[in-house]
Amino acid sequence: MFLRILFFAILGYILVSFDNIQTIVAGIAIFIVGMFFMEEGFKNFAGGTMQNILRNWTNSTPKAIATGFIATTAVQSSSLLSLIIISFLSAGILTLTQSVGVIFGSNIGSTTTAWIVSLLGVKIDIAHYAYMIVVFGVASKFIKGKTAQGVGDALLGIGFVFLGIDLMKDGFESMKEGINLAQYHIDGILGVITYVFVGIIITIVIQSSAATMTLVIVAISSGQIQYIDGVALAIGANIGTTITAVIGAIGSNADGKRLALIHFSFNVVTAIIVVILINPVMSIVDMLAPMIGIGNTDLAMKISLFHTVFNITGVLILSPFIPYFVKILENSFNDPKLKNGQPKYLNMQLIDTPVTAITGIKKESEHLYHNSLEIIIHGLSLHRKDVFSDKAIQQIISESKKPIEIDIDRMYQVTVKSLYGEIIKYSSLAQEKMAVADSKYIYSLKIVNRGMVRAIKDIEKIQENMNTFINHENNYVRHEYNFLREKIIKILRELKQVKESKNFTESLLAIEILKGEMADIDIIANGRLDGMIRAGQVDTKMATSLINDSIYIYNVANRLLEFAETVWADNEILREYNNN
């Protein structure tokens, strides 16, 4: 707290005492606000598209790198991309290898900000266009609908970014009359290392490598710093942004820590290589510059080119070693072993982004399903390894005559109840910031999770009868109870295939077929019970038990199918999100 007060006191003194610095700092602040608005805007109207791209185009390292580059270039927000990558990694949608590839590509994509600033920000009256963009952004905010709101935020972001750049330009231009920062240049490798550390510190303080690069480009174009110092600051900015990510990952899960560490390691190793080879790398930039129309005196463009060459060099050198990095990191930062009743995928840091929140809730629902199955299967005196094996169902039934003594209520309390409560709590909080289509889908997830809880209660009601009659001397009642177990085994096996299927149509068809086959479970509707009663094959107590328990099993089967239909048969969790 004391350090914060001291920081604000010093900042206030500087802003009051030095008008030029005040203008520059105000420009940085407005630039960062603009980046924030841009990120929020792209979350709203481009998040779903980005999710689909990341999921479908990262199955090889080159594809993952290219996808990271394209996505970051498109949305101009590596932090937004990192947020989605971490959520996908935590949810098991992306592997650590795929995620690292995307991060590498994102590093290259983040250099496009420097190109935009050097091409537009320092060469035209950018404020003139910024005002118009801000007006259109505000107008869009008055239009209802998630897409319009997202576009409005993105336009406001772009406008504020341009205004921030213009203010920084004005500040550095005014500074020429009194202070020349170029006089603080230090020759040799010591100067390079010094400015690398200055770049790290600036980026950590302002929490944006894009803002640091903009500051560097504007300062170079104004003649306030020398080109070599700008190069060193750019290297420092790349390291600084990963330190920020490492600090942010401290409270995340093991995968988040691994990704942050590999990102940090990548940028530090690349920086060390480039600092050691600073003269050859700058010679390469000097050679490439005229090939793409950059003049020798256009230092703003040359620093952007250097920034790109720097990051591409790192990717080319280190990408072949991704599998080795991943192998080392997979044995690091292991999460403490969670009890079955604790959530694995409900990350509060990701709850404000619909696409990531939905992913987490969906995966946690599967976790609850897994825990519920353990209770349901044991409650029917069966074993999971048999249910999902290649054994014939009849063989499993004949070998499963011994009742399994399981305290269903205790198991429910330990492995399901608290997990279900966490899903409901997280879902309710997530829905507050979701569009109608997203909120409806979350509601449907709540319903099927409640269905799994009720399925456990249904199994608890029939457990005693099931254990009594599966090995009963009366062949008829024994056959009927074993028939109920057969139906559940068949449904669970079919749903396992639905879960693994990538074909939406086939999944829906399989579920519809299973729904049709459920009619056999109703012992009254199919007429079997009437026949047994008339033939004197079961007594009234057995008949009553069969009526009630067949209804409970029918309900269990129906809840299993509803879960599969909601969670697995529709693999596109944002089916309505993208059309909103």
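The values are calculated or read from the model by the stated rules, or taken from the named source; none is laboratory data. Every value quoted in this text rests on a predicted model; they were computed, and no experiment measured them. Methodologically, a virtual Cβ is constructed for each residue, glycine included, from the backbone with ideal geometry; neighbour enumeration extends over all protein chains shown.
Under the condition of being outside any helix (DSSP H, G or I) and among the small types (Gly, Ala, Ser), which residue from the range 198-235 is farthest from residue 302 (Cα to Cα)?
In this case the residue turns out to be 208.
Counting only helices (runs of 4 or more DSSP H) that sit completely within the range 340-435, those holding 3 or more residues that are farther than 30 Å from residue 256 by Cβ correspond to 354-379, 384-387, 393-399, 408-412.
Among the residues making up the range 263-295, those that are part of a loop (DSSP other than H, G, I, E, B), farther than 22 Å from residue 321 by Cβ and not small (Gly, Ala, Ser) are 292, 294.
Taking the conditions (1) within 44 Å of the chain's Cα centre (by Cα); (2) more than 13 Å from residue 564 (Cβ to Cβ) in turn, residue 475 satisfies each one other than (1). Candidates are the residues of the range 480-532 that are of a type in the set (Asp, Glu) and over 22 Å from residue 467 (Cα atoms); the one that is nearest to the chain's Cα centre (by Cα) is 500. When the range 266-278 is filtered for residues that are surrounded by fewer than 16 Cβ atoms within 10 Å (Cβ to Cβ) and either touching a strand residue (DSSP E or B) at 6+ places or on another chain (Cβ under 6 Å) or touching a residue at least 40 places away in the same chain (Cβ under 8 Å) (or both), only 269 remains. Can you tell which of 121, 137, 164 is crowded, with 19+ Cβ neighbours inside 10 Å, modelled with pLDDT under 70 and within 35 Å of the chain's Cα centre (by Cα)? Going through 121, 137, 164 in turn, the sole match is 121. Close contacts from the range 60-75, counting a first residue that is of a type outside the set (D, E, K, R) and a second that is surrounded by 23 or more Cβ atoms within 10 Å (Cβ to Cβ) and not in a helix (DSSP H, G or I), with Cβ to Cβ under 7 Å and a gap of 6+ residues or different chains, come to 64/58; 67/58; 72/110.
Return yes when residue 365 is buried (at least 18 other Cβ atoms within 10 Å of the Cβ) and under 27 Å from the mean Cα position of the chain (by Cα) and no when it is not. Reasoning before the result, please.
On the way: buried (at least 18 other Cβ atoms within 10 Å of the Cβ): yes; under 27 Å from the mean Cα position of the chain (by Cα): yes.
For residue 365, the condition - buried (at least 18 other Cβ atoms within 10 Å of the Cβ) and under 27 Å from the mean Cα position of the chain (by Cα) - is met.
Mind checking which residues of the range 533-550 are of a type in the set (A, V, I, L, M) and crowded, with 17+ Cβ neighbours inside 10 Å?
Just the residues of the range 533-550 that are of a type in the set (A, V, I, L, M), to begin with: 533, 535, 538, 542-543, 546-547.
Within the range 533-550, 538, 542, 543, 546 meet the criteria.
Kindly establish whether residue 241 is within 20 Å of residue 186 (Cβ to Cβ), at pLDDT below 85 and either in a loop (DSSP other than H, G, I, E, B) or not assigned by TED's automatic domain parsing to the domain that holds residue 160 (or both).
Details: within 20 Å of residue 186 (Cβ to Cβ): no; at pLDDT below 85: yes; either in a loop (DSSP other than H, G, I, E, B) or not assigned by TED's automatic domain parsing to the domain that holds residue 160 (or both): yes.
Judged against the criteria, residue 241 is not a match.
Looking at the range 194-245, which of its residues are of a type outside the set (A, V, I, L, M), closer than 19 Å to residue 165 by Cβ and within 33 Å of the chain's Cα centre (by Cα)? Listed by number, the residues that qualify are 199, 203, 207, 208, 209, 212, 214, 241.
Table: residues versus (1) within 26 Å of residue 354 (Cβ to Cβ); (2) at pLDDT 70 or above; (3) more than 23 Å from the chain's Cα centre (by Cα).
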| site | (1), (2), (3) |
| --- | --- |
| 11 | no, yes, yes |
| 15 | no, yes, yes |
| 23 | no, yes, yes |
| 61 | no, yes, no |
| 69 | yes, yes, no |
| 85 | yes, yes, no |
